[in-house]
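Let me begin by presenting the structure, written as structure tokens, before commenting on it.
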Amino acid sequence: MSTFNGITTSYSGLAAARAGLDVTGQNIANATTQGYTRQRLETSSAAPIRPSMFATGARVGEGVLAQGIARLGDAHLEARVRSTAGAAGYTAVRAQAYSALEESLHEPGPNGVAASLQDFWAGWQELSTNADQAAPASSLLSVAGQLTSRINAGYREVEAQWASTRSSTEGLVAEVNDAASQVAELNRQIRSAVTSGSSANELLDRRTLLTANLAGLTGATVRDNPDGTADVLLAGNPLVSGTTARALQVAGPRQLGELPRNAGAGVVSVEWTHRPGASAGIDSGEIAATLSLLAPAAAGGALAQAAAGYDVFAASLADKVNTGFAAAGKGPFFALERTRAAASLTVVPTKREDLAMGAAGAGAYDGSVADAISRIGIGAGSPDTAWSAFVTDLGVAARTELQGNALAEVSASSALRQQLGATSVSMDEEQVKLLEYQHAYQGAARVMTAIDEMLDVLINRMGIVGR
């Protein structure tokens, strides 16, 4: 082994230590970067070159080789993060929707329908004992108008929430299409980097973030390919295949009133743009949750069921009061359209003379009809009982969704913590690595200096002793 080989060996140590310092600096610089996965320099010892026929003695290696920069990710943990993100996204959207529905009821409280019902029955009772006076009649018409207004407003809030959810679905699908396009482009860059032997670690980090986001939106799964690319699948169908991305679109009604009564054709769905009418098969994630909320009542759509509950209650209230009011020989007290009962419910009488307080021909002091109507709110099958059951059922459903979301969030948080524990940058560890590479660099430099001094003696000072 020549002395010059020693310089090559020490130089390889300098280069490896410098590369290690660069990698450590990259880790430290990105310690707070979202989605960054820590990296490590991979090295191996260089084997000695094949000796010539004149070489003698033992031979050492040729130094150190920098094999590459490893990305310390964990495919299993990344897959778990994606799967739990889909479940957490699904339950979060549904829990938020049910909470908004429950809040729109304003129950219990002075601004809810239950309070208006109590005032409404009390108004009829007051009218029954003061049938000849104008004030109770005016008060009754006022509280009746307030009751219908609150029923109308509650139904309109459900309609507005349905329309908002429909609009948000389109926004989520647009987000999916954009992320899929980015993943396809990253696949192209990663494949090119792998082919050329360059590091693609930062590109892989960006792709991992995007695929996790796609999983949270759609429940997508990821399949890695030998060339470094990754396919993103929805129900087994490729959303991203290598460097090609497919797009999704939202189809179906835009208003709650356009929704069919039964599941099937005409419902809101997400389909492939290249195959209109073919469902994308999204069964998890935020988009699946919005589709479940937008479904018809017969298919379990929470918003359509709430709207139907308002309609059933409004129609029942109108029928019961109108039946009692008919005993006085007058027209109906409530008017409504059967196909949209809650939204169209109105009070027909506008003044005291339009009210029926007693039986026809019984005199101005007879309040028997008003008394009978005031008792409609008492007992089983009353509108009050029906409304209470509606509110209770919605509250129980909201609580169930919130509990399910809490469990899903715990799983998602646990998976993310495990991933971060395995892939995030530890400043203490990087400081140790920094010192390690610094000392290695200094040691290699000292070896090179010693060899340089030896060569100087050999070349410049040999043979001058005694001159």
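Taking amide H as placed 1.01 Å from N in the peptide plane, residue 36 has no amide H partner under 5 Å among residues 5 or more places away or on another chain.
Compactness of the chain, taken as the C-alpha radius of gyration over 2.2 N^0.38 Å, stands at 1.67.
Only aspartates and glutamates eight or more places from residue 433 in sequence, or on another chain, were considered; those with a Cα closer than 15 Å are 22, 42. Electrostatic bookkeeping for residue 251 treats Lys and Arg as +1 and Asp and Glu as -1; over the other residues with beta carbon under 15 Å from its beta carbon, the sum is 0.
For region 89-159, the relative contact order comes to 31 percent (Cα pairs under 8 Å, sequence separation of at least 6). Note on residue 72 and residue 15: the extension gain reaches 18.3 nm, defined as 0.36 nm multiplied by sequence separation minus the Cα-Cα distance.
Only Cα pairs under 8 Å and at least 6 apart count here; give the relative contact order of region 178-225 as a rounded whole percent. Write down the numbers at each step before the final one.
Numbers: 22 pairs, mean separation 18.0, N = 48.
Over region 178-225, the number comes to 38 percent.
Taking 23 Å as the straight-line reach from the Cα of residue 351, the lysines in range (excluding those fewer than 8 positions away in the same chain) are 320, 330.
Take the Cβ atoms of residue 435 and residue 399, set R0 to 56 Å, and the FRET efficiency comes out at 0.55.
What the chain shows is 50 Å² of accessible area per residue, with the surface traced by a 1.4 Å probe over protein heavy atoms. Helix 383-423 and the longest principal axis of the C-alpha atoms of the chain enclose an angle of approximately 0°. Considered as an equivalent ellipsoid built on the Cα gyration tensor, region 80-138 has semi-axes of 50, 7, 6 Å, the largest given first.
Taking amide hydrogens as placed 1.01 Å from N in the peptide plane, the amide H of residue 239 sits under 5 Å from those of 232, 233, 234, each at least 5 positions away in sequence or on another chain. Scalar couplings 3J(HN,Hα) for region 236-250, obtained by applying the Karplus form with A = 6.51, B = -1.76, C = 1.60 to θ = phi - 60°, are x, 9, x, 7, 10, 10, x, 9, 10, 10, 9, 10, 10, 8, 9 Hz; x denotes Gly and Pro.
Between residue 43 and 67, the built amide H atoms are under 5 Å apart, and every one of these is 5 or more places off in sequence or on another chain.
Using a 10 Å cut-off on Cβ atoms, rank the peptides 386-396, 85-95, 118-128 from the highest mean neighbour count down. Please report the intermediate quantities before stating the final value.
Details: 386-396: 15.9, 85-95: 24.0, 118-128: 20.8.
So the peptides 386-396, 85-95, 118-128, ranked by packing, come out 85-95, 118-128, 386-396.
Using C-alpha pairs under 8 Å with a sequence gap of at least 6, the mean separation divided by the residue count of region 294-449 gives a relative contact order of 13 percent. Taking the longest Cα principal axis of the chain as reference, the axis of helix 285-294 is set at about 10 degrees. For the chain, the longest principal axis of the Cα atoms and the long axis of helix 75-105 meet at an angle of about 20 degrees.
With N as its number of residues, region 421-460 has a Cα radius of gyration that, divided by 2.2 N^0.38 Å, comes to 1.94. Each label point was placed 7 Å from the Cα along the Cα-to-Cβ direction; for residue 45 and residue 323 their separation is 9.7 nm. For the pair residue 413 and residue 247 in one chain, pulling the backbone fully straight at 0.36 nm per residue adds 56.8 nm over the alpha carbon distance.
Looking only at Cα atoms, what is the convex hull volume of region 370-467 per residue, in Å³? All intermediate terms of the calculation are to be shown ahead of the outcome.
Working: hull volume 13.3 nm³, N = 98.
Expressed per residue, the convex hull around the Cα atoms of region 370-467 is 136 Å³.
The values are calculated or read from the model by the stated rules, or taken from the named source; none is laboratory data. Note that the coordinates shown come from a computational prediction; the quantities given were computed from them, not determined experimentally. All Cβ positions, glycine included, derive from the backbone under ideal geometry; neighbour counts span all protein chains shown. To get the accessible areas, we keep the full protein, side chains included, count just its heavy atoms, and leave off ligands, DNA and RNA. Shrake-Rupley method; radii C 1.70, N 1.55, O 1.52, S 1.80 Å.
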